[in-house]
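The values are calculated or read from the model by the stated rules, or taken from the named source; none is laboratory data. Note that this is a predicted model, so its numbers are computed, not measured. Note: ideal-geometry Cβ built from the backbone for every residue, glycine included; neighbour counts use all protein chains shown. Each accessible area value is taken on the protein alone, full model and side chains, heavy atoms only, with ligands, DNA and RNA left out. Shrake-Rupley method; radii C 1.70, N 1.55, O 1.52, S 1.80 Å.
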Amino acid sequence: MEIQNISGLTTSAVDKLQQQEGFNELPSEKPRSLLAIAFSVLQEPMFLLLLVGGVLYFILGSIEEALMLLGFVFVIIGITLYQEHKTERALEKLQDLSSPRALVIRDGKEKRIAGREVVRGDIVVIYEGDRVPADAELLASNNLALDESLLTGESVPARKFKNDTIFSSTLVVQGSGIAHVKSIGINTEVGKIGKALTRIKAEKTRLQQQTGRLVRNVAIVGLIVCLFVVIYYAATRGDVLHGLLAGIALAMSILPEEIPVILTVFLALGAWRI
């Protein structure tokens, strides 16, 4: 391939384009706020029972017991916040690793840059093993073949020739080429797919659904037992508050509260190990 006569964009032109059009990257989902994470933790039946028990102990004047119960809540919330933060950092690092680097021609020289810094109008050079950083039109090709299964589902590499379009995130499996970037970020074909996917509401995994169903069913049983104990105390001893505390303690012993906690911790540890 002849690249001696190609000068590419100038640094000033690149800076201007980046200010106008932004970086060559897909919009990522905003991380959950600390309040959102804490609220999701407090939705677990175990933590709700701890909060109710703590409030009741405050009403009864048992400050030490109330602080102990509420202390457990804050400790577990703190652990969950820490693990969520570690998980998000791990995923950010994975995204950085997955971001392709690009070989571009700027100011008449070849330069290796991060894929997110590619701008519309750049001249990119691709070789076997490279991932195409943006949608581009081929100016020259040398026995070039791309794996486009990400877009088309085809397992057979597609041959590419001069003036053909090559697409962002496809993999060069053979040959080399020089291309003129036409679209970046969300304006690429992959970007359009990613933009459409952002409209889809995230759902819980099958494991999370099964775990939540198990905890919910057992929580219902625990609530029934708690109500029975309260009614029994009220009928035999006339003491509703202590009956409610006894019912909460019995319900907490029935609830498999360790299941969601263990699930959260192990998933977070897995992300941290990655």
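For R112 and K16, FRET efficiency with R0 = 22 Å and r from the beta-carbon atoms, rounded to 0.05? All intermediate terms of the calculation are to be shown ahead of the outcome.
Working: r = 22 Å, r/R0 = 0.99.
About 0.50, to the nearest 0.05.
Take the Cβ atoms of L241 and S40, set R0 to 35 Å, and the FRET efficiency comes out at 0.70. With the whole protein complex present, H85 retains an accessible surface near 100 Å², based on a 1.4 Å probe. Accessible-area rank, largest first, for L67, L244: L67, L244, with all protein chains present and a 1.4 angstrom probe.
Taking only protein heavy atoms and a 1.4 Å probe, the accessible area of the stretch 118-171 is 46% carbon and sulfur.
So if each residue of separation counts as 0.36 nm, and I subtract the Cα-Cα distance between V52 and A196, what length gain in nm does that give? Working shown, then result.
Working: separation 144, 0.36 × 144 = 51.84 nm, distance 4.27 nm.
Net length gain for the segment: 47.6 nm.
Ordered from largest to smallest accessible area (heavy atoms of protein chains, 1.4 Å probe), the residues R213, R116 come out as R213, R116.
Proximity of backbone amide H atoms, modeled 1.01 Å from N, is registered between E128 and G175 at under 5 Å, excluding neighbours fewer than 5 places apart on the same chain.
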